[in-house]
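Here, each number is a calculation from the coordinates, and none is a lab measurement. Quick caveat: nothing in here was measured; it's all calculated off a predicted structure. Glycine gets a Cβ as well: all are built from the backbone with ideal geometry, and neighbour counts include every protein chain shown.
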Amino acid sequence: MALPRTIVIAGAGIGGLTAALALAQRGFRIVVLEKAERLEEVGAGLQLSPNASRVLVELGLTERLKLRAVVPEAVSIMSARVGGELLRMPLGEAASARAGAPYWVVHRADLQSALADAVADHPDIDLKLGATFEDVAPHAKGLTVVHRSGTIRRSDLASALIGADGVWSTVRQQLFPEVQPRFSGLIAWRGTLDANQLPREYTARRVQLWMGPNAHLVAYPIAGGRQINVVAVLPGSWNRPGWSTSGDPAEVMEAFAPPRWPPTARMMLATVDSWRKWALFGVPDGCPWSKGPIALLGDAVHAMLPFAAQGAGMAIEDAAVLAQHLSLEAAEDAGSIAAALKQYGLMRQARVRKVQRTARQQGRIYHLAGPLAIARDLTIRALGPQRMLARQDWIYGWRP
């Protein structure tokens, strides 16, 4: 018996919406369940390196994004120890040509809005807001996926279920309850400021990465260059419900106090009006990717530290590979669906684990102090811009 051509996706974040578009392009009917009543992407900015942007370009999102995204001219690697720039790694059009796709920095809300608009325009995608995934039951005709909207329970018949519902995934909890997110001991402070609040020399279209003792700072333009996204990462404890709360500006300024941190970095921090703190949780390496006709995607299976700027990128890559392995022909029976989803996981595991390891390693390097920080800074200067950029080729050059 042929299975329905419907695939249900739990979660309308960046990974879930990208997967919806990629799978609909393959001929599936998609139902996206999102528990939020409105799509209001939390967080601030994100970086989309060419490995991720080329997927979005191939999905036809260039026109929707080009007015919202910024193409940075460079990444400036800065050292708090020396008080300024160690190296400027070129990006812009030259780096885009090298990788065959643009490097974008964009506000999360702008990216999610572009994806949501494309989803709304697609006749084979049904985005259900205020719909909470509750349960899934396999049977001879496929899967029955149960969800709740207020007091009303509904169900959809599907050939597969994709859990793209984040680090606290309900789908993963049902499949693999033994896999629990782990707190990294680090907290990301996120905020934005209007670019016109800073002197012009500090608002160039570049990504600034400031490295310092037990902390680092990233800043880059978003919203067409009108705003600056600022992320400060610090060690801390977390003993409250959830993983996000408002932050006291005095606390972050104290953590970046002189003489360890120079006035240039502190000026950006002081200009942010409102901070939000995010506890950085990760999913342990080795989490299974699928079970029968149910698979995980993005943070639900590999939430990682942000120090390689690849959290969203890996979810976007997942969506592209998932769509490659699922086809209408593969939906003819439950066995072929399960095999396709298993192959999807096998194709992704090694690359994602390498990115996870890279992010952890880079986080340690960013936070070095004393003689180790001196050695780090000397090594970065010795490598030079082109060799530093070439070290990213294995990430940026990926193609689905």
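Structure values in brief
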| item | result |
| --- | --- |
| Packing-based ranking, highest mean first, of 46-54, 118-126, 140-148 given that Cβ atoms within 10 Å are counted | 46-54, 140-148, 118-126 |
| Low-density loop cleavage sites - trypsin sites (Lys or Arg not before Pro) in the stretch 150-241, where at most 16 other Cβ are within 10 Å (DSSP) | Arg205, Arg226 |
| For the stretch 338-400: rounded, prolate or oblate by the Cα gyration tensor [a/c cutoff 1.5] | oblate |
| Calculated from backbone phi, Karplus (6.51, -1.76, 1.60) coupling profile of the stretch 32-38 in Hz, x at Gly/Pro | 9, 9, 10, 5, 5, 6, 9 |
| In sequence order, calculated HN-Hα J values of the stretch 360-369 (Karplus, 6.51, -1.76, 1.60; Hz; x Gly/Pro) | 5, 5, 5, x, 5, 5, 4, 9, 5, 9 |
| Mean Cβ neighbour count within 10 Å, used as a protection proxy, ranking 342-354, 8-20, 379-391 highest first | 8-20, 342-354, 379-391 |
| Relative contact order of the stretch 1-89, pairs being alpha-carbon contacts under 8 Å that are 6 or more residues apart, as % | 19 |
| Sum of -39500 (n - 2.57) over DSSP H runs of 4+, divided by residues of the chain (222 nm, nearest 500) | -11000 deg cm²/dmol |
| ³J(HN,Hα) computed for each position of the stretch 118-123 - Karplus, 6.51 cos²θ - 1.76 cosθ + 1.60, integer Hz, glycine/proline x | 5, 5, 4, 7, 8, x |
| Additional length obtainable on full extension of the chain from Val146 to Ala120, 0.36 nm per residue less Cα span | 7.1 nm |
| 0 to 90° range, to nearest 10: angle between helix 370-390 axis and the chain longest Cα axis | 60 |
| Sequence-separation-based contact order of the chain, relative, with Cα cut under 8 Å and 6+ spacing, percent | 23 |
| Candidates per GluC sites (Glu not before Pro) in the stretch 84-189, loop by DSSP, up to 10 other Cβ within 10 Å | Glu178 |
| Residues in the stretch 371-400 that a label on Asp285 would reach, taking backbone N under 18 Å of a point 7 Å out along Cα→Cβ | 395 |
| Potential extension, Arg5-Ala137 segment - 0.36 nm per residue separation minus Cα distance | 45.8 nm |
| Global geometry of the chain, whether rounded, prolate or oblate, following the gyration tensor of its Cα atoms and the 1.5 cut on a/c | prolate |
| Net lengthening on full extension, Asp273/Gln173 (0.36 nm per residue, minus Cα-Cα) | 32.3 nm |
